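Below is one structure, written out as structure tokens, with a few remarks after it.
The values are calculated or read from the model by the stated rules, or taken from the named source; none is laboratory data. Remember, it's a predicted structure, so these values are computed and weren't measured experimentally. Note that each Cβ is placed from the backbone with ideal geometry, even for glycine, and that neighbours are counted across all protein chains shown. Ligands, DNA and RNA are excluded from the accessible area calculation, which covers all protein heavy atoms including side chains. Shrake-Rupley method; radii C 1.70, N 1.55, O 1.52, S 1.80 Å.
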Amino acid sequence: MDQAMLSVVRAVEAGATTMKGVIDATGLSRLKIERALNALEKQKLLVRDGQGFRATGLPKTARPARECGSCNACCDILEVAAVDKPVNQLCKHWQTGTECTIYDRRPQMCRSFVCAWLQGHLDDDWFPAKSGIIVHFSQDAVNVTVDDDCPDRWREEPYFSKLAEWSLNGIRRTGNRGYATLVVSGANRFLLLGRTIVSEPTPFGTAFLPLTADTFRFWRATSAEHLQRLHERIAEIERVRREFGSCAIPDGDDDDPRASSREAETE
């Protein structure tokens, strides 16, 4: 059984019953999930019917070895709107010794949530109870939520290099296969562009241009029209780069960069 099939079964066993639920829990593409579902159905390990997806049994030898154990970080760090739980506040339904007091009727987010460590994508340095960092994959993002007790932990090693690697992988993917790497630390929001950190990215998007293999110059868009204009200007800069071999990159407060072939020729 491959990793995609294991991830899908784990998500379904955790309570995901729809395609969207499995996508949110695993971060896999719809195509990969569909292939995994078909394979699992053929092996009689999963059933799809009017009630959604149901796991019918995973061989013990194929079961992931990891379990939450003593970790309750997701009940502490993550926001769960369905039970009025804000970020970085222990859920009111959690009791020491009893653990989740509404486990049998917990909301869908709790049922389907599986962090990246539990899925086996990260080593034990990332164990949430130890690192204070929860990573989970959605269809278009690597989502990183950090404990208030260690708000800058994600900037430390070995964490930052891995996040930068994910970010570059997401940027380099083409078409609709790309993804963002987003960090939430307390009230602060960050977008990673390789090793470049964009604080408080706007909802309209961020346009960026590579400076080195893993750093970028970026511009925060203030509207959809502004984002389109930024992309046009960046395309112009890229054209000048190809034609002249280099191009001066605007800096400072310039929010509408323009390429200068004269500057490129004299650099």
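Observations on the model:
- Model label points for Glu67 and Met19, set 7 angstrom from Cα along the Cα-to-Cβ axis, are 3.5 nm apart.
- Per residue accessible area of the chain, 1.4 Å probe, in Å²: 55 Å²
- Carbon + sulfur, % of accessible area of the chain - ligands and nucleic acids excluded, 1.4 Å: 48 percent
- Which of Leu37, Leu193, Val87, positive extreme of dipole for the chain (C-beta unit charges): Leu37
- Here the Gaussian network model covers the chain, with springs between Cα atoms less than 10 Å apart; of Glu13, Glu41, Glu79, Glu41 fluctuates the most.
- In summary, the convex hull built on the alpha carbon positions of region 121-163 has an orientation-averaged projected area of 3.0 nm².
- Shown here for region 69-177: chymotrypsin sites (Phe, Trp or Tyr not before Pro) in loop regions (DSSP other than H, G, I, E, B) with at most 12 other Cβ atoms within 10 Å, of which there are none.
- Electrostatic tally near His93: other residues with Cβ closer than 9 Å to its Cβ, Lys and Arg +1, Asp and Glu -1, net +3.
- Taking only Cα atoms of the chain, radius of gyration then Dmax in Å: 21.7, 71
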